[in-house]
Structure formats: C-alpha cells, structure tokens
1. Going by how many other Cβ atoms sit within 10 Å of their own, how do Ile289, Ile380 line up, fewest first?
2. Take the Cβ-Cβ distance between Glu115 and Arg145 as r, set R0 to 30 Å, and report the resulting FRET efficiency rounded to the nearest 0.05.
3. Can you compute the FRET efficiency between Glu260 and Arg42 using 1/(1 + (r/R0)^6), with r the Cβ-Cβ distance and R0 = 35 Å? Round to the nearest 0.05.
4. Debye calculation, C-alpha points only, no solvent: report log10 I(q)/I(0) for segment 42-90 at q = 0.23, 0.31, 0.32, 0.33 Å⁻¹, in the same order as the q values.
5. Please grab the % of Cα pairs in the chain that end up more than 28 Å from each other.
6. Mind pulling the angle between the C-alpha long axis of helix 106-117 and the longest principal axis of the chain? Nearest 10 degrees, somewhere in 0 to 90.
7. Ala321: net charge of surrounding residues, Cβ under 15 Å, Lys/Arg +1, Asp/Glu -1, itself excluded?
8. Regarding segment 190-272, what's the average projected area of the Cα-atom convex hull, expressed in nm²?
Amino acid sequence: MITHETDVCIVGAGPAGMVCGLLLAELGIRVIVIEGHSDFEREYRGEVLMPRFLQTMRQVKFFDFILAYPHLKLQGFELYVKSRRVAEIGIREISKEAPFILWMAQPVMLNAFYEKAKKSPGFQLLFGTSMIDLVYDGERVNGIRASSQGEPVEIRAKITVGADGRSSVVRKKGGFELEYQDHDFDIIWFTIPKPPSYDNKVRAFFSDKHNYLALPKYPRHVQCGIIVETGAYAAYRSQGIESLKTELLSAHPMLREFAEGLKDFSPFNVLAAKAERVKAWARDGLVLIGDAAHTCSPAGAVGVSVAVATAVVAADVIADALEAKDFSKNILGRVQALREKEVKEIQYIQSRVSRIISARGRFEKAAAFATLILLAKTRIFSNIQRRLMVSRGPLPVRRWRG
Ligand SMILES: Cc1cc2nc3c(=O)[nH]c(=O)nc-3n(C[C@H](O)[C@H](O)[C@H](O)COP(=O)(O)OP(=O)(O)OC[C@H]3O[C@@H](n4cnc5c(N)ncnc54)[C@H](O)[C@@H]3O)c2cc1C
C-alpha cells in the first residue's frame, strides 16, 4: 500500500479540482490532486467558456496567463427560428468586462493550470489514481482510499474535496442527498471543418424537426450539436447510421459534406443535459465542489464557469479552515452558503430555457417559437443571456479580491 499525508486531498483534476488545487498550492498549502485518467485528454467537455469564467480568471489574476494559450474569441450569438434570424447579440453588449466567449480545448486549459501549479512545491497531481472509498475517523472524513494500476493507495488529509464531476464517487460514498434534478434533452455533438464563410459567432437554429447548435472551434472547425429527446441517440444507433445521415442532410447545407461522408457513429459524442444539486455540500472533513455539488444543464454553456467559481470560493474557505484548524462542516459549509444563491438562480433560468429548447409536438413547438420570437424583440432576451453568461460582481472571497 502506498500512503500519503497532506493538508488537502482533491479528488478529480477537472476545471474545479485544478483551480482549487492551484490556488491552495500558491498559498503554500500541501495539496494532492488525484485523477482517474492517465492524462487530461478529453473532447466536447467544457470548451466554450462564458464571460463569467473570464471574470473569475481576472479576479484571481489568471486572465493574461490563460489567454496566452491557444484559443478563439467568439464575439456574438445569433438565434434562428425556421431559417429566419430573429435575434443577434454581441457579447460586448452584455459584458463590457469580458467582451467575448472564449473557446479553449479543455486539455489545453487543464495543462496550463498544471504547469502553473507545479511551480509550488506543495502541489502533487497523481494521474491514473481512482478514488474508491472515503476514510473516516469516527464521523469525520480524514482522507480517501484509491487504486493506482491495481496498487492500493491511501491519502490521509485534513480536508478532502470531492471535485469528481457529475457522476461523483465522493458524493455517493459520502451519502450526500440530491435536492434538485432535471433532465429534458440530450445533445449529440460532432465537429465539421469550418466553411470559408463561417465567422466566429455562436448560432442556435430552431426548426420544426430538431434544434441545432453551431459553435466555432479552434483552430478551423465548427462544433455542431443536435438537440434530441432524452435517450434518442440509442434509437438512432439501433436504426443504423442512414437515419442520422438523412436527418443531417435535411438540416443545414453546411452539414452536407460531413453527412455524405458518414460511415458510422464514431464522430458523435452525447451529452445528457442533466442538472442536479446536492442538498448539503459539506460534512466534517469533506466538501463537494463543481459538478459534484451542482451539475448545470448545457443551456447557456456555463458548467465550467460555475464550477470554477465554486472552486475559488472553496479555496478561500479551505484556507480559512486550515488557519483556524477547524475542519468541521460548519466552516466547510460556508462554500455552499456563499455559492448556492447564484447556482440556484442559474439552474432556475436554465430550467426555463430548457423547456423551450426541448419543446416537442406541433403545438408545443409553435408555442416555443412564438415565445422565442417575442422574447427576441424585447430586452428580456439579452437580459436572460446576461444573467446566464455574466457574473453580477466579484466572488465573495477574502484572498483574491481582484
Ligand atoms: C459533453 C459535454 C460538453 C460540455 N460542454 C460544456 C461547455 O461547452 N461549456 C461549459 O462551460 N461546460 C460544458 N460542459 C460541462 C462541463 O464540462 C462541466 O461543468 C465541468 O467540466 C465541471 O468541472 P468539474 O471539475 O466539476 O468536473 P469534471 O470536469 O467532470 O472533472 C471531474 C474529474 O474527476 C475525475 N474523476 C471522476 N471520478 C474519479 C475518481 N473516482 N477518482 C479520481 N478521479 C475521478 C474525472 O476523470 C474528471 O477529470 C460539458 C459537459 C459535457 C459532458
């Protein structure tokens, strides 16, 4: 058995775990982050980063650092209903502070945080190490058991952080209860080469059959998404590739070449548009952050932004807890107290948007289109975008005040 002893053990090297670990390590705190995978490679995961992510990066002074890595800046959003453009919003109009949406591959972003974290001697990242169970001292969590290439690993920590995403093992093993769940639709993602005339705008297309998303992707691609009923991808697979090919050929001329070349399902990746929120995010010695505490729906593409904001607040609270030598849920529960209001508001807006996105049947669709067109004519539309994409103010932390 390999054993480690540290101040903070973070399970999961996604955006939340890496940002929390990096900030703590820069404060001189000993941190071990464990990651089940052997590297950061992943696609279609949190690549579209909203102004609220950039606001957080600015607050913790990582803005210039992160923008030094390969990225695209997306300047606007267009909404089409039955081929007619009904709304166009420039990001500059809704966010002066961070006037663009950032497209950055998640492996690039995570590697950037890792390179920075490695400069702090107290930081360790153990790849290929999967958490299996929590270790308790009475009622208090004081570390984890994991496995690394079949070898048992035990990490004793003053504070354990569950940053292991939407299917969190920490959440299950810690017996955390959900207080909110929603799942209206799925998105089937795929990528096409960027047509020469395509600019750097995000587009949503609503049509009688399915709704589509098109997002410019670095360096010269467009990431496309088909919004389908929950579980519909399994039905496409059982029918064979021809039915999905027919669907794409009738969707948009931009997809023709990709659809004609389709041979199997390998280019596709499915995102279940689940939203969840845990009732109490902390217990003695343990706190959940990011998707493990609050999975956001893809409506508005704010999952990473919200996860990273919670990670920053968590780093601040954990540093306070270590200073006070108090690892109880009273102090760790402050993460939830400081973040829950905003998370709830975002999930509420997403649930309203999801109803429109997932409308089915002639009458429901007609009502959804009428609502969209009406909203697009008023300021309500840009207000909804602003409330989803842009943070109202700095995060409530003692240490990184901008
Ligand atoms: C297909 C898809 C597309 C998305 N697109 C966007 C987008 O464009 N913009 C956006 O903002 N958000 C998007 N999201 C949401 C976004 O990816 C998440 O909100 C964000 O990554 C959450 O960060 P996190 O660090 O909390 O969790 P994650 O990114 O899920 O990271 C959790 C990490 O924990 C590791 N892990 C899990 N279990 C264990 C274990 N037992 N032991 C050790 N390690 C473990 C995982 O391997 C993973 O690396 C998308 C999500 C999906 C699934």
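Each value in this text was obtained by applying a stated rule to the coordinates, not by laboratory testing. Since the structure is predicted, the reported quantities are computational estimates derived from the model, not experimental observations. In this analysis, Cβ positions are derived from the backbone assuming ideal geometry, glycine residues included, and neighbour counts consider all displayed protein chains.
1. Result, fewest neighbours first: Ile380, Ile289.
2. Using R0 = 30 Å, I get an efficiency of 0.55.
3. So the FRET efficiency works out to roughly 0.80.
4. Rounded to two decimals, the profile gives -0.95, -1.17, -1.19, -1.20.
5. Summing the P(r) tail past 28 Å for the chain gives 48 percent.
6. Roughly 30 degrees, rounded to the nearest 10.
7. With Lys, Arg at +1 and Asp, Glu at -1, the neighbours total +3.
8. Dividing the Cα hull surface by four gives the mean projection, 5.5 nm².
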